[in-house]
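The values are calculated or read from the model by the stated rules, or taken from the named source; none is laboratory data. The shown structure was predicted, so the numbers you read here are calculated from the model rather than taken from an experiment. In this analysis, Cβ positions are derived from the backbone assuming ideal geometry, glycine residues included, and neighbour counts consider all displayed protein chains. What goes into the accessible areas is simple: the full protein's heavy atoms, side chains included, and nothing from ligands, DNA or RNA. Shrake-Rupley method; radii C 1.70, N 1.55, O 1.52, S 1.80 Å.
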Amino acid sequence: MRAAVLAFALALLPLTATGHEGLVASDAASLAVTPHPGARLPLEASLADEAGRRTALGQYFRGQPVILVVDYLGCRTLCSEVLDNLAAALERLPLAARRDVPVTVVSVDPRDTPTVAAQAKERLLRRHPGMSASGWHFLTNAASGAEIADAVGFPFRYNPRSDEYVHPAGLVIAAPDGTVAGYLSGIDIVPADLGKAITAAADGAPATPLRQFLVFCFGGEGHPGRYSAVIEGGLLLVNLSGIAGLVAIFARLYRR
């Protein structure tokens, strides 16, 4: 329920904060994830790892599923929370289930460099010491990042007023052959859902349907607490919807 409420509240943000950020209601649709089940990832896409070494996306596909996160490392809102929740979910999976599943974090921001990537990786590993450094890869190269984002259906847009990239929150599970096997959308990552998605990808099961939550990484020109009124409104509407549902149920029972 918390994830649904937060997702709903953040989905309202582009609809309510149009005066300062330059976003309009139509952005909610244009920035939603467009699932591409079975799509082949551009494995030849050229990237740089956190040590500055040239690499390609395909280097991380070694006969096992790969967790792919598209974001940017200067994000001040939800990107780090998605990564933290992913790490926490992986920590709760059995060791055998997560041992050989690499996480590739691909940036779409041309300002992100290997040095920035190394700092982001260090921060995450410091918060999650149970994670193996060899299992996490922070990759930069904006052109390749955009190509990968397009392949998996993760749109993004630079907002010059807030100096941020607006994009959906979530991650992709890729099959060992480099095709899109599933999506986990939103902020909260349930370990059981993650484990099932990894197992399905390893077994070659059809891509799982995406639960469509319009959750955006967007801070609104960096003003702290900007989500508070929207989230409170979302909570109020959810509570009212619950009450209305109960009234409808009792009314139906009464008529019967």
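Residues in the range 46-68 that are in contact with a helix residue (DSSP H, G or I) (Cβ under 8 Å, 6 or more places away or on another chain), crowded, with 21+ Cβ neighbours inside 10 Å and closer than 19 Å to G182 by Cβ: 5 in all. Looking across the range 90-113, just one residue is surrounded by fewer than 16 Cβ atoms within 10 Å (Cβ to Cβ), among the charged types (D, E, K, R) and under 19 Å from G74 (Cβ atoms), and that is R111. Scanning the range 127-160 for residues that are open to solvent by 60 Å² or more (accessible area, probe 1.4 Å) and not hydrophobic (A, V, I, L, M, F, W, C) gives R127, P129, S132, S134, E147, D150, R157, Y158, P160. Scanning the range 161-170 turns up one or more residues that are open to solvent by 40 Å² or more (accessible area, probe 1.4 Å) and in contact with a helix residue (DSSP H, G or I) (Cβ under 9 Å, 6 or more places away or on another chain). Residue under question is A120, and the condition is that it be at pLDDT 95 or above, farther than 13 Å from L68 by Cα, of a type in the set (G, A, S) and surrounded by 22 or more Cβ atoms within 10 Å (Cβ to Cβ); does it hold? Judged against the criteria, A120 is a match.
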